[in-house]
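Below is one structure, written out as C-alpha cells, with a few remarks after it.
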Amino acid sequence: MASIFRPFTSPFRNTYRYLQRQAHESPVIFYSCVLGAIGPVMLVTVPPIRRYYGWRKPEEIPTTYPLPKRARRPVQGYEDE
C-alpha cells in the first residue's frame, strides 16, 4: 500500500532535503529566498489584520497652502515695481 503513494511523496521529500541542504551550505541565499517568498503573503494578510486591530489610514497631508480669506495686497519692495 505504501508503494502506491511513494511517487507522490518523493518530490516533496526531495524538495525538503534540498532546502535543508541549502540552509546549511548557503544560509544567506536560503533565507533571502524565504523572506522574498513571505513578501507576497504579507501583502494579502497584513491589511485585514491591521483593520481588525483598529488601524485607520492617517489624514492626507495638504499639498497646497490655504489662501487667506481677505483681499490680497500687491507686493511692494525688493525689486518689485
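Here are some notes:
- Restricting the calculation to alpha carbons of the chain gives Rg and Dmax of 30.3, 99 angstrom.
- Within the chain, longest stretch free of exposed chymotrypsin sites (Phe, Trp or Tyr not before Pro) [DSSP loop, at most 11 other beta carbons within 10 Å]: 1-52
- Relative to the longest principal axis of the Cα atoms of the chain, helix 2-25 runs at roughly 50 degrees.
- Rounded to 10°, Cα long-axis angle of helix 27-52 versus longest principal axis of the chain: 60 degrees
A short reminder: the numbers here are calculations on the coordinates, not readings from a lab. The shown structure was predicted, so the numbers you read here are calculated from the model rather than taken from an experiment. Reconstructed Cβ throughout: ideal geometry from the backbone, glycine too, with neighbour counts over all protein chains shown.
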